[in-house]
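The values are calculated or read from the model by the stated rules, or taken from the named source; none is laboratory data. Note that the structure is a prediction, hence the values are computed from the model and not measured. Note: ideal-geometry Cβ built from the backbone for every residue, glycine included; neighbour counts use all protein chains shown.
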Amino acid sequence: MIGSIEQKAVSFLKNSNAVLLPEDCYTDMKYPKLLPLMRFHVDRYSVPGLGYVMIMHTVTKMGMELITTSFMPSECVDLPYLLLDAMSMKKKRCVFVEYYGCGMEELSDDALKDVYDDYCGLPDYEEKENWYVKERMPYSLIKTGDTDDLVCMAADSVRAYLGSAASARFIPGYGEKLRSFRERMITEGNPSSKTLNMLLKEDGARAFMESVIMPLKED
């Protein structure tokens with residue numbers, strides 16, 4: 001499942017004229033370093049008219065595989081921040097399509113709502129309560145169930161999001177709201193906090209959030 005979602009996301013990025021950024025110290029990471037239990041591969045893209053996209057593929061010795069895809073509207077266009085997570089472990093499958101408006105009242109999200117209407121009937125995934133859950137847009141999709149359905153849901157979500165970016169417009173003041181939301185994700189915790197702090201320590205995790213997961217143009 002993870003490979004299929006990653007391939008489709010990369011294909012849609014290429015169709016959006018995304019540019020793969022050069023490799024750096026974050027491209028391939030492992031934990032622990034000597035006898036790694038977890039390995040991470042990170043690709044980053046610059047997307048005209050949107051901002052930046054990060055794809056992090058994680059595999060573990062325990063048989064768990066994850067992909068975290070962060071779509072940061074760094075050009076301050078009228079789209080929510082999108083965090084797409086998918087996890088596969090034995091028979092367990094789940095995909096989180098998380099949209100965050102970051103306090104903006106008006107967004108170009110009709111296409112995203114249409115995808116929600118198509119997949120809202122899939123089984124909900126039971127997750128723990130966290131502050132950011134209440135910040136999600138109501139058309140976010142937190143689902144489990146059939147692998148093919150989850151792959152289609154993820155693919156259609158990415159397609160709709162990148163398609164909307166083609167006609168998105170600049171919103172004054174959005175940059176500060178994105179910065180404030182990012183700071184909350186760092187200080188109050190995010191879905192990857194424990195893993196990043198373990199891998200990079202606290203200061204390294206902050207740098208990773210600011211330069212890789214949620215970069216802004218003026219950083």
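Applying the condition of being in contact with a Phe, Trp or Tyr (Cβ under 8 Å, 6 or more places away or on another chain) and among the charged types (D, E, K, R) to region 104-126 and asking which residue is surrounded by the most Cβ atoms within 10 Å (Cβ to Cβ) yields Asp109. Here Val42, Val47, Val59 are screened, and the one residue that is among the β-branched types (Val, Ile, Thr) and farther than 24 Å from Cys94 by Cα is Val47. Selection over region 139-160 of residues that are more than 16 Å from Ser11 (Cβ to Cβ), assigned to a helix (DSSP H, G or I) and among the hydroxyl-bearing types (Ser, Thr, Tyr) gives a count of 1.
Annotation note: of Glu23, Glu65, the sole residue that is at pLDDT 95 or above, closer than 23 Å to Ile142 by Cβ and acidic (Asp, Glu) is Glu65. Only one of the listed residues (Ser167, Ser157) is at negative phi, buried (at least 20 other Cβ atoms within 10 Å of the Cβ) and touching a residue at least 12 places away in the same chain (Cβ under 8 Å). That residue is Ser157.
For first residues located in region 173-200 and within 17 Å of Met72 (Cβ to Cβ), partners that are in a helix (DSSP H, G or I) and among the aliphatic types (A, V, I, L, M) and lie 6+ apart or on another chain with Cβ distances below 6 Å form the pairs Ile186/Met209; Leu196/Ala205. Out of Val59, Val53, Val77, Val133, one residue alone is crowded, with 21+ Cβ neighbours inside 10 Å and either among the aliphatic types (A, V, I, L, M) or without any contact (Cβ under 8 Å) to a residue 12 or more places away in the chain (or both). It is Val53. Evaluation of Lys8 against the conditions (1) touching a helix residue (DSSP H, G or I) at 6+ places or on another chain (Cβ under 7 Å); (2) under 14 Å from Tyr161 (Cβ atoms); (3) crowded, with 18+ Cβ neighbours inside 10 Å shows that the sole unmet condition is (3).
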